[in-house]
Amino acid sequence: MGAWKGAHQLEDQTRILSLGQLGLPEANGAPVATASDSVAVRSGWIVVEEAEGPSTATTPGSAEQLLETERLIRRRPRGSLQPDSSNTEERQRPSLKRALEIASDPTLSQRARLGFDQLVYSAGSNDTKASMFRTWQEVQERSGLPALPLTQSKCETFVAVLRAAGYRSSFSYLLEARQQHLRAGYPWSHQLDIVMKDCKRVATRGLGPAKRSEEVRIEWWQKLFELEGLKMAEKPLAPFGGILLWALGSHFLLREGELAMLDLHENTIRLDEVAKTITLSLSVSKSDPGGRTARRTLRCCGAEDDTTFHGLLCPFEVGFELVERQKARTKADRSATSAFSIPLVGQRGNPFAFTCKTEVVLAAQQDAERLTRSVEEASSVEPAKITGHFMRRSGVKRLARANTPKEVIMKMARHSSNAIEAYIEDAMEESPDMATILTDHEQVQAALNAFWKDLDELKDQVKVTAEAAAERPSSSKAALESLDTEVRRMWDNIRPAYIRNTTTNKVHSTQACLFWEVPSAWATKCGWKWAASSKTVTYVSEDELNQFPLCDKCFA
């Protein structure tokens with residue numbers, strides 16, 4: 001892994017802190033924070049709030065005290081609440097006796113209620129909801145009306161005003177106002193239901209395509225790496241990792257928050273240096289980052305015996321480099337439980353602090369600015385349009401261009417809905433090969449249908465000839481056998497036992513192929529839908545099998 005360019009070792013002036021140390025590191029000779037900043041030590045790691053933010057010191061009876069009691073933590077400032085992974089053995093078991101004690105004790109019951117509001121929505125969602133309702137209030141105040149309760153006139157006027165002002169999501173603001181209306185105890189009528197439906201039609205009709213994050217291809221990041229090597233952000237709060245981060249996120253289709261919350265423990269990011277595979281344990285839900293996880297594994301893009309350095313194009317090499325750099329910064333043991341509380345993507349100024357989503361996006365925009373100046377193919381990228389979903393969108397489109405089945409993309413993206421189809425559709429529209437895929441499929445289908453018809457006629461002809469030959473001398477037997485051989489050859493061509501992918505040069509078996517179905521459903525034993533693929537395919541006889549490499553899954 002020594003082919004990575006850039007300074008692998010840390011600058012002399014950056015001091016690495018031990019887990020038990022309460023001071024903060026320095027970057028470029030200037031302290032990142034002072035003793036007066038909010039510093040909390042929990043389970044052996046340091047949580048650093050931004051210096052300009054309010055103090056979050058724990059006070060007796062506060063919600064933060066409850067969160068600490070329940071071992072719920074924030075890995076980054078204002079991040080989602082999740083269980084403390086480093087204290088799984090100490091986590092309390094459910095106890096009815098304990099529940100009854102809390103319910104009967106006013107003090108304990110009040111403390112239990114303190115954390116309720118923090119668990120209803122994440123900190124970011126609360127900010128968004130408050131901003132939406134504040135917009136509703138300001139519009140009503142300008143109209144000389146109270147914010148609550150909602151009426152038909154208020155709703156219709158509000159949506160009309162926001163639409164005229166260029167808002168695309170005015171109905172979301174109206175939904176938040178409806179929620180505040182109900183929380184305040186005002187009644188809701190069937191008339192208001194009808195009004196809401198009318199407002200939704202007005203708010204969503206004729207808006208045109210939605211604005212999406214910019215796509216930044218891994219291949220472009222690779223070219224930037226080849227030109228400039230690895231450059232790290234200089235801001236103390238920025239994520240440490242440079243363009244390695246965007247490559248990892250694109251390979252695994254990550255959102256910015258998911259990337260920011262990855263920890264260093266070997267159960268979270270597994271590296272198999274023999275098989276050259278990398279496995280990430282990722283959440284299946286945005287609203288519950290600490291809940292059920294899904295494992296996603298990728299293999300090095302080269303062969304097992306390939307010693308070529310693939311850089312950002314190889315997910316294993318990218319993950320390996322990020323892990324090694326963070327291990328060098330923190331001196332951490334990845335097998336220890338404390339590693340659950342150490343980020344994979346630490347801050348530049350403090351390797352033990354999780355970075356925030358805003359800093360991840362800002363760092364990506366800054367790297368994109370260098371990219372547009374240095375790589376010609378990426379000159380059309382607009383850094384200001386890069387959002388937290390740019391890695392996810394870039395990765396999905398990359399897989400779609402490689403003809404990856406939609407089901408596989410959705411599994412990789414941990415998407416149970418069809419929201420991912422918009423990215424796939426974009427990739428299909430941009431690809432010249434994809435533009436004519438339906439026409440190509442129809443032409444292949446028509447050719448196969450015609451061939452089957454001719455083949456059936458030929459089979460009938462063979463049957464008639466065989467019946468006639470039974471009454472003729474044996475001299476016609478040779479001609480019959482020759483005709484039978486030709487029919488078998490044609491049958492093997494239309495329903496071959498073995499096929500070769502000319503791109504990978506590997507031979508696949510059609511043992512599990514259901515030839516009576518439409519060609520688009522034809523699949524090899526390993527699951528490759530070869531008839532619907534854009535890859536060139538040739539037929540291989542059994543005698544030719546030893547001339548080509550065989551698919552491991554088909555011939556297992």
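The values are calculated or read from the model by the stated rules, or taken from the named source; none is laboratory data. If you're wondering where the values come from, they're calculated on a predicted model, not measured in any experiment. Note that we place each Cβ from the backbone using ideal geometry, even for glycine, and neighbour counts take in every protein chain shown. Just so you know, the surface numbers come from the protein's heavy atoms only, side chains and all, with ligands and any DNA or RNA stripped out. Shrake-Rupley method; radii C 1.70, N 1.55, O 1.52, S 1.80 Å.
Note on residue 295 and residue 119: the model spin-label points, each 7 Å out from Cα along the C-beta direction, lie 3.0 nm apart. Multiplying the residue separation of residue 526 and residue 310 by 0.36 nm and removing their Cα-Cα distance gives an extension gain of 75.1 nm. Label-to-label distance, residue 442 versus residue 331, with points set 7 angstrom from Cα along the beta-carbon direction: 6.9 nm.
Specify whether the C-alpha gyration tensor of the stretch 124-256 places it in the rounded, prolate or oblate class, a ≥ b ≥ c being the square roots of the eigenvalues: rounded for a/c under 1.5, otherwise prolate if a/b is larger than b/c and oblate if not. Taking the square roots of the gyration eigenvalues as a ≥ b ≥ c, the stretch 124-256 is prolate. Here the gap between residue 101 and residue 190, fully extended at 0.36 nm per residue and compared with their Cα-Cα distance, gives a gain of 27.7 nm. For the stretch 296-416, the relative contact order comes to 12 percent (Cα pairs under 8 Å, sequence separation of at least 6). With both labels modelled 7 Å from their Cα along Cα-to-Cβ, the residue 459 to residue 157 distance reads 7.6 nm.
Checking the cross-link pairs 231/331; 129/200; 235/331 against a 20 Å limit on the alpha carbon distance flags 231/331; 235/331 as lying beyond it. Counting only heavy atoms of the protein chains and using a 1.4 Å probe, residue 539 has close to 110 Å² of accessible surface.
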